[in-house]
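Below you'll find the structure, written out as structure tokens, and then a few comments.
What follows is calculated from the coordinates using simple rules that are stated; it is not laboratory data. These numbers come from a predicted model, not from an experiment. Positions of Cβ are backbone-derived with ideal geometry, glycine not excepted, and every protein chain shown enters the neighbour counts.
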Amino acid sequence: MSNISIIGTGNMARTLGARAIAGGNTVEIMGRDQSKATDLAKALGGGTTTGEWSTAPAGDIVIVALLHDGVVPAVAHYGDALAGKVIIDISNPFNSTFDGLAHREETSIAQEVAKAAPADASVVKAFNTVFRHVLEEGRPDVFIAGDDAQAKASVEAFIESLGLRPLDVGGLTMAHWLEGAGLVTVGLANHGVGNPDFALSITELPV
Ligand SMILES: NC(=O)c1ccc[n+]([C@@H]2O[C@H](COP(=O)([O-])OP(=O)(O)OC[C@H]3O[C@@H](n4cnc5c(N)ncnc54)[C@H](OP(=O)(O)O)[C@@H]3O)[C@@H](O)[C@H]2O)c1
């Protein structure tokens, strides 16, 4: 069981919160609009609590479930309140035409979060390649990237508590390519697959 704080009160916060509770974890919701946080906590039930925006989260794992351009500013605003936390960045920084990333360089929101977060916080990219409704209804593989082995182990344990398979793609620089995989997912939904009712997954040859 993990103690999870979710910063955000939107669709992904709701879906991850519901799955986290179903998986036996404790959940705290934090939103810049306290009334939305209170409403979501009430809707999630299962002992979900709320915390005040930019104060120290109760959870050891903090999921930042905000639109991509709000993620780094929010982490900077929380500042030392995130000391020692495992921060999960789930964002997809798509450009306006959904055929590229909003940032040009070989960076990622997760890498920028690591720069903005306290030195003893650890950042893991996860969940961004999975459409919300697939996370809600399916059992998709969840790709993760991060530099800290202990942080990744705790995120993997959390993902397993949701009944899902975590798959480590490497260090935090790989978060850039996970953001690219998010784009590939949208491209497949718009083209080859033709609908969003799927997730990228790994098929291993039998040994
Ligand atoms: N939806 C999906 O299928 C999916 C899948 C994978 C990853 N993601 C990623 O998950 C993240 C959240 O997506 P979502 O679908 O949950 O979006 P959403 O329903 O639109 O919720 C967005 C949340 O971000 C908050 N927010 C927006 N701008 C902010 C800012 N500048 N500062 C602080 N808070 C801000 C909103 O707060 P207010 O209500 O106060 O405006 C709201 O709580 C995004 O980065 C997205 O790329 C989404």
Exercise. For LYS85, which of the numbered conditions (1) without any contact (Cβ under 8 Å) to a residue 24 or more places away in the chain; (2) more than 15 Å from the ligand (Cβ to nearest atom); (3) surrounded by 20 or more Cβ atoms within 10 Å (Cβ to Cβ) fails to hold?
Worked result: (1)
For this session: Provide a single number: the residues in segment 174-205 that are acidic (Asp, Glu) and part of a helix (DSSP H, G or I).
Result: 1
Problem set entry | Residue selected from segment 90-123 under the condition more than 14 Å from the ligand (Cβ to nearest atom) and of a type in the set (Val, Ile, Thr), by the criterion nearest to the chain's Cα centre (by Cα) | VAL123
Problem set entry | Candidate set: segment 153-173, residues that are without any contact (Cβ under 8 Å) to a residue 60 or more places away in the chain and part of a helix (DSSP H, G or I); chosen: the one nearest to VAL142 (Cα to Cα) | ILE159
For this session: Mind telling me which of the residues LEU40, LEU67 ends up being closer than 27 Å to GLY170 by Cα and within 15 Å of the ligand (Cβ to nearest atom)?
Result: LEU67
